[in-house]
Amino acid sequence: MRCQRSAVMRFPSRDPGGAGQISATRTGTQTMLGVEMDPLAAALRDARARTLELVIDLDDARWMGPRLEIVNPILWELGHVAWFQEFWTLRHARGRPPAIPGVDALYDSAAVAHDTRWDLPLLARPRVLRYLAETLERSLEALGSAPDETGYFHRLALFHEDMHGEAFTYARQTLAFPEPAITRVAPEPRAGPLSGDVEVEGARLLLGAKGEEPFVFDNEKWAHPVDVASFRIARAPVTNEEYAGFVEDGGYRDSRLWSKEGWRWRESVQARRPVYWQEGRVQRRYDSLQSLAPHEPVIHVCWYEAEAYCNWAGRRLPTEAEWELAAATPAKRRFPWGDSPPHARRANLDAHAGGPVDVAAHPEGDSAYGCRQMIGNVWEWTATDFAPYPGFVADPYKEYSQPWFSSPHKVLRGGCWATRGRLLRNTWRNFYPPDRRDVLAGVRTCAGPVTARRG
């Protein structure tokens, strides 16, 4: 996730259910046990530890890396993470001066053009690491103090850093760096494919976040009625085996399967298969080659590729309303399995597995309709253009959503194996241009006509 697309939460006095519910999660632990025992403080320390795990093994040359449109120099991105935390938790919320004179001209992603980030007089490696450490400690010291007693801006910094952690993960894949040394859980046993569809009965869905959420991102606000007709949706994402059939049947050579924009993109990059695949059902994973796991979900495909695959298979992408109904039911479950938070038996999240797992894994995470892995494993493209919900109002960090409504972006849902579980819920909307295939995205397909409309 790009730095311009950092997490944003709203902080007006009328945010329904906001301050009270956030306060309830803290229940006096700071007074009794100190800030280190506060769950928000622990999450902030955890996010910083993960950030460093993802980059600290790389040398200075790799911290700068090549000049590419889809990545940032790691040296810049680390400074930006520290700057964002300082700006929102200390400067914006509490009126403190910047820790480093002129730092905005280096790390404000809204003001610093992407292609200039390699040319700036960035903080050197030891200094940027110190900036990260000092900012975290100063921010934790301020946690719970006026005027941000609920920790709203600390949560903003937390989720911003979580998103950059995912970006560091897929950047290492893009640049063929070694696999990061992240603590793993026991390997998930091979679970095989999970074929077939489930029937989702038509319903009126309140699409988007409801007011009782402790915080929400501005593009999720607010839940509004959408009528969804009955439809069929795949129980699981498209696998490598299934997608290989499309490739080997000449799907990348048949313009009839592609939209005009998609075919133009395919020709411009000479795509013949997913970006990291090679002939013979081999893929590059970080800096090594391995055979494709047939029952893992296809990953690193762009929206145009997903659309063409659907046309070949006689399927289609779900709308985001259909996706949310299949995940949440009309009763608006917070997660596909219910309202309790994610854990390792239900979803492949938090990078603990080190990559995707078979699409039949994690049956405990099934939705009420029987869809598996709607949270975790791979982001899932939808047919829906990224646009504001009715009555949209930008949150304090206005660059999060609003600038991207006017350019072609598609909505993705569900998170992936590298997404932090604390970030997600059924209403969470990700968004990328339709040509991005470096991100950790896959495909779930639908059958039947699209008949969803606002109520």
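The values are calculated or read from the model by the stated rules, or taken from the named source; none is laboratory data. Nothing here was measured: the structure is a model prediction, and the numbers come from that model. Positions of Cβ are backbone-derived with ideal geometry, glycine not excepted, and every protein chain shown enters the neighbour counts. In case anyone asks, the SASA skips ligands and DNA or RNA and just uses the protein heavy atoms, side chains included. Shrake-Rupley method; radii C 1.70, N 1.55, O 1.52, S 1.80 Å.
General observations
- Tally of residues being assigned to a helix (DSSP H, G or I), open to solvent by less than 90 Å² (accessible area, probe 1.4 Å), out of contact with any Asp or Glu (no Cβ under 7 Å at 6 or more places or on another chain) and not small (Gly, Ala, Ser) across segment 253-266: 3
- Elements of type helices (runs of 4 or more DSSP H) contained in segment 101-213, each with 3 or more residues being open to solvent by less than 10 Å² (accessible area, probe 1.4 Å) and not basic (Lys, Arg): 125-142, 152-174
- All conditions but one from (1) open to solvent by 10 Å² or more (accessible area, probe 1.4 Å); (2) not in a loop (DSSP other than H, G, I, E, B) apply to PRO396; the one that does not is (2).
- Restricting segment 45-68 to residues that are part of a loop (DSSP other than H, G, I, E, B) and open to solvent by less than 60 Å² (accessible area, probe 1.4 Å) leaves a set whose member that is farthest from ILE182 (Cα to Cα) is GLY65.
- Output for segment 412-424, where each listed residue is within 19 Å of VAL216 (Cβ to Cβ), under 11 Å from the mean Cα position of the chain (by Cα) and either at pLDDT below 95 or not small (Gly, Ala, Ser) (or both): LEU412, ARG413, THR419, ARG420, LEU423, LEU424
- Only one of the numbered conditions (1) within 22 Å of GLU399 (Cβ to Cβ); (2) open to solvent by 10 Å² or more (accessible area, probe 1.4 Å); (3) not in a loop (DSSP other than H, G, I, E, B) is not met by LEU78, and that is (2).
- Some residue of segment 283-298 being open to solvent by 50 Å² or more (accessible area, probe 1.4 Å), within 15 Å of ASN240 (Cα to Cα), of a type in the set (A, V, I, L, M, F, W, C) and at pLDDT 95 or above: no
- Residues that are of a type in the set (S, T, N, Q), more than 20 Å from PRO297 (Cα to Cα) and out of contact with any Phe, Trp or Tyr (no Cβ under 9 Å at 6 or more places or on another chain), drawn from segment 335-392: SER340
- Residue among ARG253, ARG232, ARG264 that alone is modelled with pLDDT of 95 or more, within 22 Å of THR319 (Cα to Cα) and more than 25 Å from the chain's Cα centre (by Cα): ARG232
- Residue match in segment 368-378 (condition: open to solvent by 50 Å² or more (accessible area, probe 1.4 Å), assigned to a loop (DSSP other than H, G, I, E, B) and at pLDDT 95 or above): yes
- The set of residues in segment 268-292 being among the hydrophobic types (A, V, I, L, M, F, W, C) and at positive phi is empty.
- The lone exception for PRO225 - which of (1) under 23 Å from the mean Cα position of the chain (by Cα); (2) not in a helix (DSSP H, G or I) it fails: (1)
- Every listed requirement among (1) open to solvent by 50 Å² or more (accessible area, probe 1.4 Å); (2) farther than 23 Å from VAL216 by Cα; (3) without any contact (Cβ under 8 Å) to a residue 60 or more places away in the chain; (4) not hydroxyl-bearing (Ser, Thr, Tyr) is met by HIS352 save one, (3).
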